Structure formats: C-alpha cells, structure tokens
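Written below as structure tokens is the structure these notes are about.
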Amino acid sequence: MKFSTKAEYGLRAIMYLADSKEPVSLGSIARQEQLSLAYLERIFALLKKANLVSSVKGASGGYYLTKTPSRTKISDIIKALEGDLYQMECATCHAGSCRIHSVWVQLQRQIDKTLSAMTLKSLKK
C-alpha cells in the first residue's frame, strides 16, 4: 500500500493549520511547505468538502480547521484525500474466498484502527 502525494501534502498542510491560531492562506502554506499552490487548491477542495477545513474570505482570510487538533482524526483526512484506500482485494480471487483473503481483511482493520486512533494533536507530540 502506498499513499499518494495528496495524502502526504494534505497532512503537511493541515498540520501547518493545526499550529496556527488564525486562518492561513494557501499561499503561505505553499511557501512554507514548498508545495505547489495549484495542487494545494485541489487538496483543500477535498478537505473542505469533507468538512475538515473551512475558509474565511478577505485580506486576513484563509483556511482553518473545523475541529480542534485533538478531534481531527488522521483517518478522516486520509479518507477525504484518498477515498476508501483500505479496500484490499486478492489479485486472483475477486470473490474473497481464497485462503489469504483473511490476511487482507485483518490488515485493513488494523490500518483503519491505527489511523482512527491518531489525531493531529497526537502527531504534534
């Protein structure tokens, strides 16, 4: 399993937001994290659609978290950016009846459990 740059950049950007008390412009995040502004705009559209961030317009506007860092789960961020990433299937057995299918199911559950237990606050430590 491999996360895309959307997940990596999205986590970096949202961590930057978690450190700020005020709304932050995407331009500021792009400069600080050395990320493409156009790519961040696409990432933040997904985060906003998932209600993880919101924005304020104007000269002192920008994006902010909709929940506190302690209530923002990493699993929610990853799902917003990657979709249902954890849907693992056997390459040759699409019915889920092969002998190793249970391995994929257990792995899927562990990944979800781990990411659901992690919050932005826990990553800041």
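Values quoted throughout were computed directly from the atomic coordinates according to the rules given, and no laboratory measurement underlies them. Values in this document were obtained by computation on a predicted structure and should not be read as measured data. We place every Cβ from the backbone using ideal geometry, glycine too, and count neighbours over all the protein chains shown.
Say R0 is 41 Å: what FRET efficiency, to the nearest 0.05, do Tyr39 and Val105 get from their beta-carbon distance? Mind dumping the intermediate values first?
Numbers: r = 33 Å, r/R0 = 0.81.
E(calc), rounded to 0.05, equals 0.75.
With N set to the number of residues, divide the alpha-carbon radius of gyration of the chain by 2.2 N^0.38 Å and report two decimals.
1.22
Which FRET efficiency value, to the nearest 0.05, do you get for Thr5 and Arg71 by plugging their Cβ-Cβ distance into 1/(1 + (r/R0)^6) with R0 = 30 Å?
After rounding to 0.05, the efficiency reads 0.70.
Counting other Cβ atoms within 10 Å, which trypsin sites (Lys or Arg not before Pro) in region 1-39 have at most 15 and lie in a DSSP loop?
Those satisfying the criteria are Lys2, Lys21.
Going Cα to Cα from Lys113, which aspartates and glutamates come in below 17 Å? Please leave out same-chain ones fewer than 8 positions away.
Asp76, Glu82, Asp84
I need the phi-derived Karplus couplings for region 71-83: 6.51 cos²θ - 1.76 cosθ + 1.60, θ = phi - 60°, integer Hz, Gly and Pro marked x.
10, 9, 7, 4, 4, 5, 5, 4, 5, 5, 8, 10, x
Charges only on Cβ, +1 for Lys and Arg, -1 for Asp and Glu: so what's the dipole of the chain about the Cα centre, in debye to the nearest 20?
Details: 19 positive and 10 negative charges, 65 e Å.
Roughly 320 debye for the chain.
Can you tell me the length gained on complete extension of the stretch Lys48 to Leu123, counting 0.36 nm per residue apart and subtracting the Cα distance? Numbers along the way, then the final one.
Details: separation 75, 0.36 × 75 = 27.00 nm, distance 2.09 nm.
So the extension gain works out to 24.9 nm.
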